[in-house]
Each structure stands twice: as C-alpha cells, then as structure tokens.
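This report concerns only the one structure given below.
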Amino acid sequence: MVSDGQAQVGDAAPKGAGAPPRRQRYGIELFAVFCLGLALMTSVYRPYDRNAAEIGVPGHDSFYHIKMAELLPQFGLLDRFPWLRFVYFRDAGDAFVSHHYGFHVILWPFVAASNALYGDALPGGRWAMTFFFGLNLVLFDLILIRSGVRSRWFWLLLMVCLPAHFYTRQAYVRAIGPSLSLLLLMCLLLHRRGRAVWLGLVIALSIQIYLGSVMFAPMVIALYALACVAAPVQEREWPMGLLLWCVAGWVAGILLHPYAGGMAEFLRLQVFGSGLSPDIEVGSEWRPYENLWWFAQFVATPMSVWLTAMLLRLRLGPAIDRWTMFLLLLNVAFLLLVLKARRFMEYWPVFCLLASAVTAAPAVNPAVSGMLEWATARGAVWRRLVTWLPVGAALLVGSGIVLASPLWHDIRGGGRCKYDLAAVREAMAYLKEHSQPGDVIFTDDWDIFPVYFYYNSYDYYIVGLDPKFTQERRPELWQRYVQITRGQTPRTDQVTIEVAPGERITRTVESRLADIRDEFGARFAIVDGDHQPLFDDLRAATDFATLVYPNGPSSPDTAPYRIFRIHPRTESAGG
C-alpha cells in the first residue's frame with residue numbers, strides 16, 4: 001500500500017505514441033465522474049409518473065432552506081425569526097441562530113437562477129444537490145487516485161448499490177451534500193501532508209456552511225492523529241504542526257461565525273437535547289434503525305465489501321499503514337453514529353467504500369497491473385480493450401441497476417415530494433388573501449411548517465424546525481400544543497418545569513381547544529387529512545371556529561387541507 005508520501009502512484013502512464021499525459025487523463029476521468037454524479041442524482045429526482053404536474057423536492061426541511069436562500073437578498077442574515085412565534089433558538093427570547101446560513105449563501109445562486117427561468121425556486125434546490133453530488137463523486141475519485149487505487153470504475157459501480165436511505169438523504173435540499181464535500185476535502189488534504197494551512201481554512205469554512213462541523217472536524221482530525229501514533233513504527237509520528245493549523249482553523253471558524261454568541265447553547269439543544277438524547281418525540285432521523293435484520297440487509301453491500309477488503313488485506317498483507325488506518329477509523333466512527341441515529345446514513349456508506357477501496361488496493365493493484373502489462377505486450381488495441389472494456393461493462397451494469405433494480409425503485413420513491421404542492425399552494429393563497437400581515441396560523445404539526453413557510457411567508461406560524469426549541473423553554477405551552485393537535489382536549493396533565501439550574505417543579509396544565517386563541521394568539525387554524533380528531537373538534541366548536549376553506553363544491557371531509565377562522569373573544573361564547 002502506498003504511504004502518505006507516495007500520492008502520485010496512480011495508474012501508470014500508458015505506453016505508446018499518442019497516449020494522453022497523466023494530468024489530462026485524470027482531468028477527463030474526473031469530468032466523466034462528475035457527469036455520472038449529475039446523472040445519478042437526476043435519476044433520483046425523476047418521478048414515477050412522467051405526467052406528474054410537479055416534481056417538488058423531498059423532505060420537510062428542504063422547503064425551509066430554499067425559502068431562506070430566496071429571502072437572503074431581502075433580509076440578509078436575520079437576528080430574529082418572526083415566522084415561528086413560539087420557537088426559542090436561545091434562552092435570550094427571540095434571538096435567532098441560523099446554523100445553515102453558509103449553506104443558504106451557496107444555495108442562493110441556484111435558487112435565483114431557477115426563479116429567473118421558471119418563477120419557482122424549487123428546481124434550483126434540486127440543481128444544487130445534483131451539483132454537490134457530482135462534486136462528491138469527484139472528491140471520492142480524487143482520493144482513490146491519490147491513494148493509488150487501480151480499477152476505480154469498480155468502486156464507482158458500487159456507488160449505485162449503496163443503501164436507498166443514503167440517496168434519499170443526499171436528495172434533501174439540506175447542507176448534507178456540501179458537508180460531505182468538505183469532509184472528503186479534509187481527507188484529501190490530510191493525505192497531502194503539506195496542505196495543513198489549507199486544511200485549517202477548510203475547517204473554518206465548513207463551520208460557516210454547517211454548524212455540525214464544530215464537532216465533525218475535531219472528530220476527523222482526532223482520528224487522523226490516532227492513526228499517526230498507532231501506525232507501524234516507520235510511519236509513527238505526532239503531527240503537531242498539522243494539529244495546530246487545524247485547531248487554528250476550528251477556533252477561527254467559531255469566532256467568525258455570525259451567530260457565535262448562541263452557538264454553544266444551540267448545539268447543546270439541537271445535538272443532545274433533540275438528537276442524541278431526546279426526552280420527547282422528535283424527528284425520525286434522530287432515531288436508530290429498529291429492525292436489526294432489516295438493517296443488516298439494508299447495508300449488506302457496503303458491509304460485505306468492507307469485510308471482503310479486510311480479509312484480503314489480512315490474508316495477503318501488507319500491514320495496515322497510517323492512511324488506511326485513518327480511513328478505517330473514520331468508517332467505524334460513522335458506522336457507530338448510524339447505529340445511534342439513522343440520519344448519519346448520509347455519510348457512512350461513502351467512507352465505508354473509501355476505506356474498503358484503500359484497504360483492498362495492495363491485493364487488487366498487482367492483478368490489474370499484470371493484466372495491463374499482458375495486454376500492452378500484445379499491442380495498443382489489446383491494451384485499450386483491457387482498459388476500457390471493464391469501464392464500459394461497469395457503465396452498462398450500473399445503468400441496468402439504476403433503470404430496473406428494486407433498489408433504485410425505492411431510491412426514486414424516497415426522492416419524491418410527499419406533498420400535494422398544488423393543494424398547499426391553493427390553501428396558502430387563501431390565507432394570504434384573507435389574513436393580515438403577521439397573523440398567526442395554528443398548524444396541526446411542527447414538521448409541516450417548512451412547506452407552508454415556502455408558499456406563505458406573509459403570515460406567522462406556531463412551531464417548527466424542531467420540537468425541542470419550544471418544549472425546552474416552554475414545556476407547558478408545548479403540552480397544550482400536543483394535546484390540541486391530537487384532538488385530546490379538554491385534558492389535564494402534570495408537566496415538570498425547570499425553574500432554576502437543577503431545580504424542577506411540577507405544574508398542572510389544563511389544555512383546552514380555546515388555547516389556540518387564548519395561549520397561541522392564532523387567527524386561523526389549518527388541519528390536514530392526517531389530523532381528523534382536531535378537525536372534528538374544531539368543526540364541532542361552532543361558537544369558537546368557522547370552517548372557511550374549502551368553500552367550493554369539494555367536501556371538507558376529503559380535502560387535503562381545511563382552514564378554520566378562529567373567532568375573537570367578542571364573537572365567541574366560550575372555548
């Protein structure tokens with residue numbers, strides 16, 4: 001296996017007149033890989049029904065990020081977020097922390113171009129994620145080149161066999177794609193040991209684009225340092241200079257972040273309160289995979305490839321070097337994160353394949369070199385045949401998998417927009433027409449906020465983005481919201497409240513339907529088809545609320561979205 005100082009031992013230059021130089025060949029290869037990435041992500045977004053009116057974007061938060069990028073020229077970096085009236089990003093009241101502000105900045109050109117061409121920002125979100133997926137394949141291939149891995153077509157073919165959930169999350173318009181790009185770039189710079197200054201700059205940039213890099217970057221560098229001290233004797237060292245530049249970049253990234261003042265408490269609540277140790281029901285992405293046997297089948301391809309690579313390395317040698325050890329440690333670290341929370345599936349498969357390719361290279365490279373030498377001895381035609389036939393076969397097999405396999409049927413299903421966008425747009429148009437600027441809209445769930453916000457930033461909403469941002473600061477109010485949206489009012493509950501650090505008391509909370517008006521100050525309530533008990537409660541309370549949408553021939557019992565006007569106190573006899 002090549003060491004850090006032998007980065008240039010990729011494919012040997014082809015013999016014979018007219019052969020393109022190595023730099024040109026690699027340029028062509030990387031361009032082709034980028035186009036492959038564009039094609040794969042475009043396929044993920046391709047709807048089953050070719051006559052579908054709108055593709056939209058998958059996931060909930062995608063709409064929020066696209067809207068924030070769209071609003072960036074108008075509002076700049078927000079210091080408060082009025083669209084969520086009962087969400088508290090910091091203890092200091094309405095202070096806002098935009099932990100994806102850098103992502104919104106790089107998303108804006110795509111959104112602006114999409115708006116200019118189609119009058120709709122959603123295609124721009126898809127373009128951005130498609131671009132970053134292509135970039136991630138390029139960085140993946142670059143690391144293989146720098147690591148001296150031969151037959152890279154094989155590892156790129158395995159890319160189309162990765163778990164469906166990996167592609168689903170890569171299709172979300174979130175900082176997932178850019179974050180993976182920056183992690184891969186860190187790995188590439190770690191391999192090129194003389195790029196410590198650039199590595200520090202990349203770490204600082206990664207914190208601006210995705211606040212989670214405050215934790216990811218130290219993890220990557222710590223694992224590299226561990227690999228340096230645990231490597232074979234001839235490679236063992238303590239990379240003090242590199243670590244100092246990395247620490248400098250990390251500190252600079254924190255200090256330069258426009259929301260640095262609220263960073264610590266935000267990450268504490270987001271990562272631990274909502275993510276790794278939640279005490280309330282949170283988004284499914286923070287939960288582990290629950291069916292072990294199903295999970296084993298789900299990750300069968302990357303796991304089996306990794307185990308095979310390890311067996312080849314242990315059987316044929318040589319000893320694990322520093323670079324290989326680092327990638328193996330990184331692979332294990334992300335696998336452990338996946339076992340804790342399924343959202344980390346967005347990273348692990350790539351690092352699993354990367355570690356597998358570098359681990360297996362000493363066993364595979366000699367066989368590939370032998371085939372090329374044999375073909376070269378028989379003439380240029382044979383060499384071209386041996387060089388390009390496997391590439392063509394990989395493209396053919398990969399295309400068949402993408403077009404016909406059940407795996408990619410599931411992948412394209414996960415890449416679909418789950419909303420009836422025409423129905424959402426129509427309901428939001430009604431609210432904008434019949435409400436005043438800043439009127440509060442009571443929604444039936446916290447995760448519906450992004451799509452409403454995208455189509456209607458004229459009005460304000462109750463909760464969204466993450467339930468902990470409400471429950472942690474105002475647990476009584478959150479309890480009322482939960483019981484109302486479940487159609488379980490009136491109801492009395494005991495709620496534990498922290499009145500001081502380490503001091504908790506229990507209070508009685510009486511949740512009533514009238515809290516929609518009296519506690520939340522809402523003028524309208526919107527209910528979708530999944531919250532029938534709340535719809536029944538509101539329709540029955542005629543002295544409190546009036547159904548105002550849909551107001552045409554369609555039945556409200558089957559309409560996807562139903563809107564109620566909440567009576568002011570002077571109009572209602574009670575709640």
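The values are calculated or read from the model by the stated rules, or taken from the named source; none is laboratory data. It should be emphasised that the depicted structure is a prediction, and the values quoted were computed from it without experimental measurement. Cβ: placed from backbone, ideal geometry, glycine included. Neighbour counts: every protein chain shown. Accessible surface is based on the protein model in full, side chains and every heavy atom, while ligands, DNA and RNA are left aside. Shrake-Rupley method; radii C 1.70, N 1.55, O 1.52, S 1.80 Å.
Here are the numbers for this structure:
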item	result
Residues located in the range 461-470, provided they are closer than 15 Å to GLU519 by Cα and either part of a loop (DSSP other than H, G, I, E, B) or open to solvent by 10 Å² or more (accessible area, probe 1.4 Å) (or both)	ILE462, VAL463
Cβ-Cβ under 7 Å pairs, at least 6 apart or on other chains, the range 288-300 side part of a loop (DSSP other than H, G, I, E, B), far side open to solvent by less than 40 Å² (accessible area, probe 1.4 Å)	PRO288/ALA341; TYR289/PHE295; VAL299/PRO163
Test set (1) open to solvent by 10 Å² or more (accessible area, probe 1.4 Å); (2) modelled with pLDDT of 90 or more; (3) touching a Pro at 6+ places or on another chain (Cβ under 8 Å) - SER62 fails condition number	(1)
Failed criterion for GLY37 (all others in (1) open to solvent by 40 Å² or more (accessible area, probe 1.4 Å); (2) part of a helix (DSSP H, G or I) hold)	(1)
Residue in the range 193-222 that is nearest to TYR101 (Cα to Cα), counting only those that are part of a helix (DSSP H, G or I) and open to solvent by 30 Å² or more (accessible area, probe 1.4 Å)	LEU205
Restricting the range 76-109 to residues that are of a type in the set (Phe, Trp, Tyr) and over 26 Å from ARG523 (Cβ atoms), the residue that is least open to solvent (accessible area, probe 1.4 Å)	PHE103
Yes/no for GLY119 being modelled with pLDDT under 95 and open to solvent by 50 Å² or more (accessible area, probe 1.4 Å)	yes
Tally of residues being touching a residue at least 60 places away in the same chain (Cβ under 8 Å) and under 13 Å from PRO218 (Cβ atoms) across the range 229-250	0
Residue match in the range 183-190 (condition: within 18 Å of ILE145 (Cα to Cα), crowded, with 23+ Cβ neighbours inside 10 Å and touching an Asp or Glu at 6+ places or on another chain (Cβ under 9 Å))	yes
Check on ARG507, open to solvent by 80 Å² or more (accessible area, probe 1.4 Å), in a helix (DSSP H, G or I) and either modelled with pLDDT under 95 or of a type in the set (S, T, N, Q) (or both)	no
Qualifying residue in the range 122-133 (condition: farther than 22 Å from GLY56 by Cα, open to solvent by 10 Å² or more (accessible area, probe 1.4 Å) and in contact with a helix residue (DSSP H, G or I) (Cβ under 6 Å, 6 or more places away or on another chain))	no
